[in-house]
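Peer 1: The structure under discussion is supplied below as structure tokens; questions concerning it will follow.
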Amino acid sequence: MWYTSSELVAELSDLGTDNPEKLPLKHWIARGLPHRRDARGHLWFDGHVVAQWIKQQRQKPARQKIAANETYCFHCQAVRVFKDAIVHSQRGKQIIYRGVCITCGHDVNKAVKAQETN
């Protein structure tokens, strides 16, 4: 069934949304919400396709396992290779490595289980 934007907002608010005016419909369209425009420029949404799109958007992305010589750099905000890694400390079964990000030069840390280093 095809819905106008106001009908879609009303339907989604019936599903438990507290404030229908705060539904991010414009942001969803910018992120790829499937829709079509008629000859007058009005937006139309297919209800089944919208439901599938919303379900897909709510799924968490699969966690990515990083390699042994990589860590997350909070300055670059990305996974980076680090150099000059030394054992900084060890707490029980956890070893903490300290190194330098090869991209930005900031200090980075990585905690691993002791059994993963063998």
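What follows draws every value from the coordinates through simple rules; no lab data is involved. A quick note: this is a predicted structure, and the numbers were derived from the prediction, not measured. No Cβ is skipped: glycine too gets one built from the backbone with ideal geometry, and neighbour counts run over all protein chains shown.
Peer 1: So what J values fall out for segment 77-89 if you push phi through Karplus, 6.51 cos²θ - 1.76 cosθ + 1.60 with θ = phi - 60°, rounded to Hz, Gly and Pro as x?
Peer 2: The phi angles translate into 6, 7, 6, 9, 6, 10, 10, 6, 6, 10, 6, 7, 7 Hz.
Peer 1: So, one more: Give the angle, between 0 and 90 degrees and rounded to the nearest 10, that separates the Cα long axis of helix 5-14 from the longest principal axis of the Cα atoms of the chain.
Peer 2: Helix 5-14 sits at roughly 70 degrees to that axis.
Peer 1: Between H48 and K83, what length in nm is gained on full extension when 0.36 nm per residue of separation is reduced by their alpha carbon distance?
Peer 2: Details: separation 35, 0.36 × 35 = 12.60 nm, distance 4.99 nm.
That pair, H48 and K83, stretches by 7.6 nm at full extension.
Peer 1: Springs between alpha-carbon atoms under 10 Å, Gaussian network over the chain: tell me which of R40, R98, R58 tops the mean-square fluctuations.
Peer 2: Per the Cα network of the chain with a 10 Å cutoff, R40 tops the list.
Peer 1: If you take the beta carbon distance between H75 and A30 as r and set R0 to 41 Å, what does 1/(1 + (r/R0)^6) give as a FRET efficiency, to the nearest 0.05?
Peer 2: Numbers: r = 28 Å, r/R0 = 0.69.
The computed FRET efficiency comes out at 0.90.
Peer 1: Total Lys pairs in the chain closer than 30 Å by alpha-carbon, pairs eight or more apart in sequence or interchain only?
Peer 2: 17
Peer 1: Relative contact order for the chain: what percent, with Cα pairs under 8 Å and sequence separation of 6 or more? It would help to have the intermediate numbers written out before the result.
Peer 2: Numbers: 140 pairs, mean separation 18.6, N = 118.
Once divided by the residue count of the chain, the mean separation gives 16 percent.
Peer 1: Tell me the label-point distance for the pair R63, S6, using the 7 Å Cα-to-Cβ offset, in nm and rounded to one decimal.
Peer 2: 4.7
Peer 1: Cα axis of helix 47-58 to longest principal axis of the chain: angle in degrees, 0 to 90, nearest 10?
Peer 2: Around 20 degrees separate the two axes.
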